[in-house]
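Reviewing the structure listed below.
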Amino acid sequence: MKANKIALGLLGGLAAGAVVGILFAPAKGADTRKKIQQKGSDYADNLKDKFENLSGSLKSNYDKIVHTGKDFVAENKSKFDDIKSINP
């Protein structure tokens with residue numbers, strides 16, 4: 001959890017630094033606005049990709065847990081049925 005906070009803080013600092021750097025660069029306002037818009041779009045695309053990768057990973061983990069649970073239930077149901085048939 002601490003590593004996530006550090007990474008998030010680092011990314012936020014980088015983004016803020018990029019915006020400040022662009023704002024103080026000697027360029028026309030229209031060029032600066034285009035650069036800011038492009039950077040924002042790039043960051044949004046990057047965040048979207050990371051979210052899609054995370055959701056895919058979560059889905060994969062969920063599927064593994066469900067499969068393991070079904071196997072566990074099937075195995076123990078069989079044992080339960082065997083014990084039940086011995087002791088009616």
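Computed from the coordinates by the stated procedures, all read-outs in this text should not be read as laboratory data. Keep in mind that this is a model prediction, so the values were computed, not measured. Note that we place each Cβ from the backbone using ideal geometry, even for glycine, and neighbour counts take in every protein chain shown.
Straight-line reach from LYS79: which lysines fall under 19 Å, measuring Cα to Cα and dropping same-chain residues less than 8 apart? Result set, ordered by chain and number: LYS70. For Cα extents along the principal axes in Å, computed directly from the structure shown, the correct entry in (i) 33, 32, 25; (ii) 35, 27, 22; (iii) 88, 24, 11 is (iii).
Under a model in which nothing but the beta-carbon of Lys, Arg (+1) and Asp, Glu (-1) is charged, the chain shows a dipole of about 440 debye around its Cα centre. Cβ-Cβ distance of ASN53 and VAL20, R₀ of 30 Å, FRET efficiency by 1/(1 + (r/R0)^6): the value works out to about 0.55. Karplus-derived 3J(HN,Hα) values for region 53-67, using 6.51 cos²θ - 1.76 cosθ + 1.60 with θ = phi - 60°, are 5, 5, 5, x, 5, 5, 4, 4, 5, 4, 4, 5, 5, 4, 5 Hz; glycine and proline are entered as x. When the chain is described by a simple charge dipole with +1 on each Lys and Arg Cβ and -1 on each Asp and Glu Cβ, the residue from VAL66, LEU23, GLY9 located farthest towards its positive end is LEU23. When TYR43, TYR62 are arranged by Cβ crowding within 10 Å, least crowded first, meaning fewest neighbours, the order is TYR62, TYR43.
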